[in-house]
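K.L.:
There's a structure below that I have some questions on.
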């Protein structure tokens, strides 16, 4: 099941499988769900660079070992090897313009 939350990137561990740690901005400070660690698979196409401190909307999916998915690079059905939260997408939040008057 896919989930989307407003989050801030706080840590990155790069490698074949990239791990991201996001602070869930929708949870209370003392909540056990305050931080989310997601794994980006090597075959996942995501071309935007995420930097620590970026705030936006994180889309991730929980998958259990043995569950199948479509591998977009090979167009074949594959099986998840591990139970984890998998990175799907991150949309950066745009800064709001609070200007109320415009002078020309």
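Residue by residue, here is whether (1) in a loop (DSSP other than H, G, I, E, B); (2) free of Cβ contacts under 8 Å to residues at least 24 places away in the same chain; (3) within 11 Å of residue 86 (Cα to Cα) holds:
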residue: 8; (1), (2), (3): no, no, no
residue: 19; (1), (2), (3): no, yes, yes
residue: 23; (1), (2), (3): no, yes, no
residue: 29; (1), (2), (3): yes, yes, no
residue: 45; (1), (2), (3): yes, no, no
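K.L.:
Residue 86 - would you say it is free of Cβ contacts under 8 Å to residues at least 40 places away in the same chain, surrounded by 13 or more Cβ atoms within 10 Å (Cβ to Cβ), in a strand (DSSP E or B) and touching a strand residue (DSSP E or B) at 6+ places or on another chain (Cβ under 9 Å)?
P.N.:
Considered against the rule, which asks whether it is free of Cβ contacts under 8 Å to residues at least 40 places away in the same chain, surrounded by 13 or more Cβ atoms within 10 Å (Cβ to Cβ), in a strand (DSSP E or B) and touching a strand residue (DSSP E or B) at 6+ places or on another chain (Cβ under 9 Å), residue 86 comes out as no.
K.L.:
Evaluate the following for residue 77: is it more than 18 Å from the chain's Cα centre (by Cα) and outside any loop (DSSP other than H, G, I, E, B)? Give the derivation first.
P.N.:
Working: more than 18 Å from the chain's Cα centre (by Cα): yes; outside any loop (DSSP other than H, G, I, E, B): yes.
Criteria met by residue 77.
K.L.:
So which residues in the stretch 89-101 are free of Cβ contacts under 8 Å to residues at least 40 places away in the same chain and surrounded by 11 or more Cβ atoms within 10 Å (Cβ to Cβ)?
P.N.:
Matches in the stretch 89-101: 91 only.
K.L.:
Taking the conditions exactly as written (modelled with pLDDT of 95 or more, in a strand (DSSP E or B) and farther than 14 Å from residue 88 by Cβ), does residue 38 satisfy them or not?
P.N.:
For residue 38, the condition - modelled with pLDDT of 95 or more, in a strand (DSSP E or B) and farther than 14 Å from residue 88 by Cβ - is not met.
K.L.:
Sticking with this one: Residue by residue through the stretch 47-74, note down the ones that are over 16 Å from residue 10 (Cα atoms) and assigned to a loop (DSSP other than H, G, I, E, B).
P.N.:
47, 48, 64, 65, 66, 67, 72, 73, 74 - these are the residues of the stretch 47-74 that are over 16 Å from residue 10 (Cα atoms) and assigned to a loop (DSSP other than H, G, I, E, B).
The values are calculated or read from the model by the stated rules, or taken from the named source; none is laboratory data. Note that the structure is a prediction, hence the values are computed from the model and not measured. Reconstructed Cβ throughout: ideal geometry from the backbone, glycine too, with neighbour counts over all protein chains shown.
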